[in-house]
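**Student:** Input: one structure, supplied below.
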Amino acid sequence: MAKKIKAKLILELRAAQMSQREICRTRKMSQHSVGDVFRLANELGITYNDVKEKSDEEVYRMFYPDKYVAETLYKAPDYSYIHTELKKTGVNLKLLWHEYKDVCQASSALSMGYTKFCEGYAEFVTANSLTNHLLHKPGMVCEVDWSGSTMTIVERATGEMIKVYLFVATLPYSQYSYVEPCLDMKQNTWLKCHVHMFEFFGGSTVRTTCDNLKTGVISHPRDGEIVLNEKYEDLGNHYLTAIMPAGVRKPKQKASVEGTVGKIATAIIAKLRNEVFHSLDEVKLAIARKLKDFNDAPFQKREGSRTEVFHE
């Protein structure tokens, strides 16, 4: 089972004037967990004197009511076991989730959905300061985003400047990337870009990490279930990919695509800055050429290229 954050113990050590850093070091707790309890204690106005007569379970429930309900509603996966199994060849979260569901069914227990199962594993990794082996497995994760930088089409007849937005997707393991120019950033465009992206990659990944954009995510509470809009959720179900928005103000959770967006600005936008385009098709052809150069370029700090690692 996943280890629950020891909120009562953290409060006790805080009352003893121990700093967050000292608590992390001496009790082998993650900085994320300790900092979260400190923050919630301040927000809720809770001190150790308020909870010293309560059990660990009661204190945990005070700090994390939504998590407590979810954890008591569903049969908790053994994330320590899952973390160990993921190191083995060919094992991924989708397989382990199906095995978990079979165990729940055999014991007539309620199993959690795949997205929540993955989210729970991610929290387990963070809370226990572990290395997330998923990030280093090919085909596990795809990160998607809109580029902040744009391009331009010049309308032939009027000379009007039309803005072109760039959809960017990256596979963290190989850094192999996909870029598509669009005339808007509306929901249907966002969904079509995903379809074209999976066609470009030749299949879907186990997880798709996106930003908390309004065209895809209805709500992303700190605790509780993430709510996607119906069409985005349907797309995820169709392609058997768990869509998991990055935490609010946590760009490191999709660091690969964040980094690629910056590189794309140089590899594609900057290199095409002196070309004049009169249609979206012209932009697509130009981007396709530069994207191929980008993916085929040798890595600076590792062997091969994005294309070579992708096709291994």
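**Student:** Please give the number of the condition residue 74 fails out of (1) of a type in the set (Ser, Thr, Tyr); (2) more than 19 Å from residue 7 (Cα to Cα); (3) out of contact with any His (no Cβ under 9 Å at 6 or more places or on another chain); (4) modelled with pLDDT of 75 or more.
**Tutor:** Among (1) of a type in the set (Ser, Thr, Tyr); (2) more than 19 Å from residue 7 (Cα to Cα); (3) out of contact with any His (no Cβ under 9 Å at 6 or more places or on another chain); (4) modelled with pLDDT of 75 or more, the lone unmet condition for residue 74 is (4).
**Student:** If you take the residues in the stretch 93-110 that are buried (at least 16 other Cβ atoms within 10 Å of the Cβ) and at pLDDT below 85, which one is farthest from residue 241 (Cα to Cα)?
**Tutor:** Residue satisfying both the conditions and the ranking: 93.
**Student:** Do we have residue 41 as modelled with pLDDT of 85 or more, hydrophobic (A, V, I, L, M, F, W, C) and open to solvent by 70 Å² or more (accessible area, probe 1.4 Å) here?
**Tutor:** Working: modelled with pLDDT of 85 or more: yes; hydrophobic (A, V, I, L, M, F, W, C): yes; open to solvent by 70 Å² or more (accessible area, probe 1.4 Å): no.
When the stated conditions are applied, residue 41 does not pass them.
**Student:** Please find, among 74, 79, 114, 48, the residue that is more than 30 Å from residue 233 (Cα to Cα) and not charged (D, E, K, R). Before you say what the answer is, go through the steps one by one.
**Tutor:** Values: 74 fails: more than 30 Å from residue 233 (Cα to Cα); 79 fails: more than 30 Å from residue 233 (Cα to Cα); 114 fails: more than 30 Å from residue 233 (Cα to Cα).
48 is the lone residue from the list that is more than 30 Å from residue 233 (Cα to Cα) and not charged (D, E, K, R).
**Student:** Filter the stretch 190-228 down to the residues that are surrounded by fewer than 15 Cβ atoms within 10 Å (Cβ to Cβ) and closer than 24 Å to residue 123 by Cβ, then identify the one that is modelled with the highest pLDDT.
**Tutor:** Here the residue is 227.
Matching residues to (1) among the aliphatic types (A, V, I, L, M); (2) assigned to a loop (DSSP other than H, G, I, E, B); (3) under 30 Å from residue 139 (Cβ atoms):
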position: 14; (1), (2), (3): no, no, no
position: 18; (1), (2), (3): yes, yes, no
position: 37; (1), (2), (3): yes, no, no
position: 57; (1), (2), (3): no, no, no
position: 87; (1), (2), (3): no, yes, yes
position: 112; (1), (2), (3): yes, yes, yes
position: 115; (1), (2), (3): no, no, yes
position: 121; (1), (2), (3): no, no, yes
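**Student:** A further question on this structure: Output the residue which, of all residues in the stretch 180-189 that are assigned to a loop (DSSP other than H, G, I, E, B) and not hydrophobic (A, V, I, L, M, F, W, C), is most open to solvent (accessible area, probe 1.4 Å). Working first, answer last.
**Tutor:** Of the residues in the stretch 180-189, the ones assigned to a loop (DSSP other than H, G, I, E, B) are 183-186.
From the residues that got through so far, the ones that are not hydrophobic (A, V, I, L, M, F, W, C) too are 184, 186.
Details: 184: 47, 186: 138 Å².
Taking the candidates together, the pick is 186.
**Student:** Any residue at all in the stretch 13-33 that's closer than 19 Å to residue 244 by Cβ and touching a helix residue (DSSP H, G or I) at 6+ places or on another chain (Cβ under 9 Å)? It would help to see each step written out before you state the result.
**Tutor:** Step one: of the stretch 13-33, the residues closer than 19 Å to residue 244 by Cβ are 32.
Now narrow it down to the ones that are touching a helix residue (DSSP H, G or I) at 6+ places or on another chain (Cβ under 9 Å): 32.
Yes; the residues of the stretch 13-33 include at least one that is closer than 19 Å to residue 244 by Cβ and touching a helix residue (DSSP H, G or I) at 6+ places or on another chain (Cβ under 9 Å).
**Student:** Also, quick follow-up: Tell me which of these residue 241 doesn't satisfy, since it passes every other one: (1) open to solvent by less than 30 Å² (accessible area, probe 1.4 Å); (2) modelled with pLDDT of 85 or more; (3) farther than 17 Å from residue 148 by Cα; (4) not small (Gly, Ala, Ser).
**Tutor:** (2)
**Student:** List the residue pairs whose Cβ atoms are under 7 Å apart, where the first residue sits in the stretch 298-312 and is free of Cβ contacts under 8 Å to residues at least 40 places away in the same chain and open to solvent by 100 Å² or more (accessible area, probe 1.4 Å), the second is of a type outside the set (Phe, Trp, Tyr) and not in a loop (DSSP other than H, G, I, E, B), and the two are 6 or more positions apart or on different chains.
**Tutor:** Between residues of the stretch 298-312 that are free of Cβ contacts under 8 Å to residues at least 40 places away in the same chain and open to solvent by 100 Å² or more (accessible area, probe 1.4 Å) and residues that are of a type outside the set (Phe, Trp, Tyr) and not in a loop (DSSP other than H, G, I, E, B), the close pairs are 298/305.
**Student:** Just to be sure I understand, how many residues within the stretch 18-35 are touching a Cys at 6+ places or on another chain (Cβ under 6 Å) and either surrounded by 17 or more Cβ atoms within 10 Å (Cβ to Cβ) or over 19 Å from residue 125 (Cα atoms) (or both)?
**Tutor:** Looking only at that region, the number is 1.
**Student:** Can you name every residue in the stretch 147-179 that is within 20 Å of residue 304 (Cα to Cα), outside any strand (DSSP E or B) and out of contact with any Ser or Thr (no Cβ under 6 Å at 6 or more places or on another chain)?
**Tutor:** 171, 173, 174, 175, 176, listed by residue number.
The values are calculated or read from the model by the stated rules, or taken from the named source; none is laboratory data. Remember, predicted model here, so these are calculated numbers, not experimental data. FYI the Cβ positions are ideal-geometry reconstructions off the backbone, even for glycines, and counts take in every protein chain you see. Surface accessibility is based on the protein's heavy atoms, side chains included, excluding ligands, DNA and RNA. Shrake-Rupley method; radii C 1.70, N 1.55, O 1.52, S 1.80 Å.
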